[in-house]
């Protein structure tokens, strides 16, 4: 594959020679020669590896490349560059699994190939002491300790290396001494080897050592690039407007830029340095990665090195500080559209996106479903997924039909799949369009949303989804959910999904702690208010307190329906009046008379299950805060595991959330609830006693119950409940006493023997 020279120069910018093996380095040279490029291109690139680069080695190797039957081509270089993040021809190459989707390359503000070198001139007048004084005054406060090194030693390779040096003197002390030394800085700092030069640390120390933990202010970082012409280094540093406090010529092949970082602590320092180095790399400055430490040594201005001066090139250039520079970089690399004139579109308005959920949400928009635990939010989203796939209504709202991606972050794969089948069955819908549903199971594999977003987009880009449903989002929250700034960035990820895929993004989140009924719907979702204010539609689930009377009515109606169905199945419905089928006691008496013993016992099991289901049923109200549609009336519904059903008879419309009631009403309800709980506990104890006494195969009498409850008190006396107390228990707990036998009978557990005895009578 033949590449033009500019493209290959760009490719080499994404290959770090320091990270390559020797054979890989040779392969780059062979590929360049095979493609017809000059040895100088390989030479310039190889200089970035200052530790291994040797002058003339590239030329000697170049002459030895004679060609083979299977030559290494420019394609090898392209592959290496792509692994480093390069996209040839503006990104027309196929995307990899971990590639980012977006517009322009992040943080790329200049094209380094078009930046002209800026020559650096040595100072005509040489005043070593003033050079160092200016450096100290620029970087340090007078009371801050400064670390410096004037002595060196030779390592095993014969390279001069700095010693630990000194760190006990303050900047003020050094400036005072230098001002009086008459440019003999050796008399102040100690003599240095002019063949080696001297070093200085650019961050203040505590006067006790030179390690990172001795740094007292994380103020600056070192930018050094010795892999290119020094004049180009100077030009790129200025073109990037780095917030440089001091720019120093090393006396060798690089400049040392002491750059504002202004970090409050070491962890933040590391983050900002990483950002700085990334921007520099993206714009052609391949930096020495060993210079990241805040206690790093840099070249000291005002000394000689191999006949060349180490000197200040400039001070306080570029942006004023790190914050201003980062804002400059971010604004220069954004992908924001230009403003447009209203007059240009007034007569030709763009069409509105069609509705995805009628009266609630448009396609390509965002929706949040918020609610407390046990509200069935996940089941509601599964219901919505199925409704869109089948083109049905959801909670009374009509849905458009299309393909849906359900992102499962919480359930194991099997449980999730079974939920879908269970919901289909309970809704009574035929699964005619299962091909419209894709499920992405990510339990145990989820990553923060900012990392999940590009992976999601890559997998969904050609699927034509009209909705992506993410359940739940607490698994992928990036940052502190109570931070408005961090949550704004988090919510922007949903916008990326909507924009890139042209589909709606729907997700759920939990309520904050505490009472919710007195809050506005947008204030109930946990975390920052950004959560509730960001989506185009917010649907909020509030639980409704079901009264005892309503619960009894629901149980009566449910039991009557079960009895009616049993009589219909047995062909006996004509023998029962409609009035009898409106009372569970009358309906059960009719079933006891008309059904066979086996059928009646099966009916009792169904009734027991029905009563459990009614007791487990919870009531909910959905309120909506919408951006594109007018507010809809509250929707009342029952959560009948595993599906939500609309309140068709209006039983819930007059119920207010518990927290809206006055304090005295809430207190009274709480006391009533405790009393109810105590009564329930006593009933359960009586049921236990009754069942235990029934183990012999016969129902107990009142006297049997009295004997069961008789126990010895602390004084050694036997205590037993009164007979009238037991009679009251029998009545209150749903039991009856057979007048002929004196046996205590339970309507809900009427056994076959009891039924036969009654029938014979």
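The numbers here are math on the coordinates, done by the rules we state, and not lab data. A quick note: this is a predicted structure, and the numbers were derived from the prediction, not measured. Backbone-built Cβ (ideal geometry, glycine too); neighbour counts: all protein chains shown.
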Notebook entry, point to check: What is the packing order of peptides 321-330, 235-244, taking the mean over residues of other C-beta atoms within 10 Å and listing the highest first?
Noted result: 235-244, 321-330
Checklist line | Extension gain from residue 689 to residue 22, taking 0.36 nm per residue of separation minus the Cα-Cα distance | finding: 231.6 nm
Margin query: Run the numbers for residue 654 and residue 206: contour at 0.36 nm per residue of separation, minus the present Cα-Cα distance, in nm.
Written below: 154.3 nm
Check: When the Cα centres of segment 221-244 and segment 110-156 are compared, how far apart do they sit, in Å?
Finding: 13
Note to self: Taking 0.36 nm per residue of sequence separation and subtracting the Cα-Cα distance, how much length would be gained by fully extending the chain between residue 599 and residue 586, in nm to one decimal?
What the structure shows: 3.0 nm
Item checked: For segment 547-616: Kirkwood Rh in Å [reciprocal of mean 1/r, alpha carbons] -> 12.0
Notebook entry, point to check: Which whole-number percent is the relative contact order of the chain (Cα, under 8 Å, 6+ apart)?
Noted result: 9
Next item on the list: Compute the separation of the alpha-carbon centres of segment 341-356 and segment 371-403 and state it in Å as a whole number.
Entry: 29
Check: Measuring from a point 7 Å past the Cα of residue 44 along Cα-to-C-beta, which residues in segment 194-237 have an amide N at less than 19 Å?
Finding: 225-237
Checklist line | Two-site FRET efficiency, residue 55 against residue 459, from Cβ-Cβ distance with R₀ of 60 Å, rounded to 0.05 | finding: 0.75
Note to self: Could you work out [θ]222 nm for the chain from helices alone, using -39500 (n - 2.57) per DSSP H run of at least four and dividing by all its residues? Round to the nearest 500 deg cm²/dmol.
What the structure shows: -11500 deg cm²/dmol
Notebook entry, point to check: Which distance in Å, rounded to a whole number, links the C-alpha centroids of segment 404-453 and segment 170-216?
Noted result: 65
